[in-house]
Amino acid sequence: MTGPDLKAGIASKDLPDGGTLVGHVDGEAVLLVRRGRDVFAIGAACTHYGGPLGEGLVVGDTIHCPWHHACFDLRTGEPIRAPALLPEPVYDVEVGDRIRVKGKGVAAGFSPPGGLKAVPTRIAIVGAGAAGNAAADMLRRRGFTGSIAMFGPEDPVDRPNLSKEYLAGSAPEEWLPLPIADGIDFVHRRVTKLDAPTKTLTLDDGSTRSFDAILIATGADPIRLPIPGSDQPHVHYLRTSANSRSIIAAAQAGKSAVIVGAGFIGLEVAASLRARNVDVSVVAPEDIPLARIMGDDVGRFVQRLHESHGVRFFLGTGVKSIDRDAVVTANGDRLTSNFVVIGAGVRPNTQLASKRARQASTLPGMSRDFPIALPVTRFASSIGSSPSSRGKQRPET
Ligand SMILES: Cc1cc2nc3c(=O)[nH]c(=O)nc-3n(C[C@H](O)[C@H](O)[C@H](O)COP(=O)(O)OP(=O)(O)OC[C@H]3O[C@@H](n4cnc5c(N)ncnc54)[C@H](O)[C@@H]3O)c2cc1C
Ligand code: FES
């Protein structure tokens, strides 16, 4: 354990206003934060992946994790921004000449904003990704007591991990599942039809479910490129945990890979496969990776960083065809590969929210009619848009 024993306490002057200090209480790491006359004590390891909150940013009465920017309320320990879903423990603090942490306190928790009157009794959430699952969780934490049914063909998983630590072999399988809140009826089915006027969903086994209010959180799917040969089994896309496992199996069986696309997914897959000692070539039409999003300088820096780890780039060219043992670029290069991963962006799954459904006045769009602010974060919604300082923006997909 690092830092002082906070039960024994520290001199008050050792924690100036705005200061933070990590110590321990009963064998657990605890972070002290002073804001004016208040001193908060909260668990020091982020409940997402254990990020060091002591190195995080204090903003008002919140702390932001330095790793993936989850945000916790210092008073209650509640996670108020994705990707963390679980609260931090909070501790009672005695402040005098010395600051002493007495032990675990009782978190205040959320109080339902404005009272939950006249709310729907049955909420359907279509899609069990980060957005759907976080919405279900937040509804419960804000005191919604009606039924919540969440529909989806796959369990909620921490998708960002699929191209990073998990794919690289440094994160265990247990890191993938996202916890589902208590009292959620998770229906392991795809929704095939939404009938807005009758408020009915049809599932892929033919059964139907009724709802009062609905949230469509169906995310996005990878864009499939019409390249000759791209329908072969050694050509992969990456969206689900099954996709990630298939790529790991290919990396264990083969020695060389071609990544088509130099966006975030392509570059993350390239780095993760290098960590598995796979020879990696990246083919993309742009001249500088990520330049469109991050500018030329950052793009060149990222490219050089990948090259220093052995990634080869073939930029300014497309892919003409994919053979069993090679990828042929439009420039005529023939790149030997045991397997191929295509990362060419995503297309939002908007089929259910057809024009007719969107126009139906009887469809209670939850963000419009439901008296609870839903947690739409940049992580959490591939198919919606959220307010930002630059107007309405579609979050990263
Ligand atoms: C490999 C990878 C790495 C990423 N890394 C990052 C990152 O580092 N940082 C970041 O900010 N973002 C990252 N993203 C993007 C991030 O994962 C998405 O923005 C996020 O997953 C969007 O959440 P969502 O719930 O809107 O959609 P999704 O996660 O796509 O979830 C939608 C769910 O709806 C289900 N669904 C679709 N149609 C139906 C239907 N008809 N019936 C029932 N269910 C349906 C789908 O099966 C899916 O489970 C990454 C994405 C991937 C694939
Ligand atoms: S470890 Fe804190 S947000 Fe991921």
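Values in this text are rule-based calculations from the coordinates and carry no lab data. What you are looking at is a predicted structure, and each value in this text was computed from that prediction instead of being measured. Note that we place each Cβ from the backbone using ideal geometry, even for glycine, and neighbour counts take in every protein chain shown.
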Among the aspartates and glutamates, select those whose C-alpha is under 16 Å from the C-alpha of Lys102, and discard any that sit fewer than 8 residues away in the same chain. Asp5, Asp26, Glu28, Asp38, Asp92, Glu94
In whole angstrom, note down how far apart the Cα centers of the stretch 216-260 and the stretch 286-315 are. 22 Å
Residues of type aspartates and glutamates that Lys255 reaches as a straight line, Cα spacing below 15 Å, ignoring anything fewer than 8 places off in the same chain: Asp279, Asp325
Rounded to one decimal in nm, the spacing of the 7 Å Cα→Cβ label points at Asn331 and Glu286 is 1.7 nm
Over the stretch 24-181, what portion of Cα pair distances is larger than 21 Å, expressed as a whole percent? 54 percent
Excluding residues fewer than 8 places away in the same chain, name every one of the aspartates and glutamates whose C-alpha is closer than 13 Å to that of Lys193. Asp204, Asp205
Log entry: pair-distance distribution for the stretch 235-346, C-alpha pairs binned every 5 Å from zero, whole % per bin is 2, 13, 25, 26, 20, 11, 3, 0
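Of the listed peptides 318-324, 306-312, 270-276, what is their order by residue-averaged count of other C-beta atoms within 10 Å, with the highest listed first? Mind showing how you got there, number by number?
Working: 318-324: 16.4, 306-312: 13.9, 270-276: 20.7.
Top to bottom by mean Cβ count within 10 Å: 270-276, 318-324, 306-312.
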Separation between the Thr200 and Ala220 pseudo-spin-labels, each 7 Å from Cα along Cα→Cβ, expressed in nm? 3.4 nm
Taking only C-alpha positions in the chain, Rg and Dmax in angstrom work out to 24.2, 75
Listed residues Gly219, Gly345, Gly295, most fluctuating in the chain (Gaussian network, C-alpha, under 10 Å): Gly295
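By per-residue mean of other Cβ atoms within 10 Å, what is the highest-first order of 240-249, 1-10?
Values: 240-249: 17.1, 1-10: 15.6.
Going from most to least packed, we get 240-249, 1-10.
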Restricting everything to alpha-carbon atoms, can you work out Rg to Rh for the stretch 10-104 with a Kirkwood hydrodynamic radius? 0.94
Restricting the count to DSSP beta bridges whose residues both fall in the chain, what percent are antiparallel, rounded to a multiple of 5? 60 percent
Below 8 Å, C-alpha to C-alpha, sequence gap of six or more: please give me the relative contact order for the chain in percent. 13 percent
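What order, most packed first, do the peptides 279-286, 95-102 have when packing is the mean number of other Cβ atoms within 10 Å of each residue?
279-286, 95-102
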Name the residue farthest towards the positive end of the dipole of the stretch 235-346 from the options Val311, Pro285, Ser241, assuming +1 on Cβ of Lys and Arg, -1 on Cβ of Asp and Glu, about the Cα centre. Ser241
Under the rule of -39500 (n - 2.57) per DSSP H run of 4 or more residues, summed and divided by the residues of the chain, what mean residue ellipticity at 222 nm is obtained, to the nearest 500 deg cm²/dmol? -4500 deg cm²/dmol
If unit charges are put on Cβ atoms (+1 for Lys and Arg, -1 for Asp and Glu) and the dipole of the chain is taken about its Cα centre, the option from Ala262, Phe301, Ala171 lying farthest towards the positive end turns out to be Ala262
To the nearest 20 Debye, how big is the dipole of the chain about its Cα centre, given +1 on the beta carbon of each Lys and Arg and -1 on that of each Asp and Glu? 1100 debye
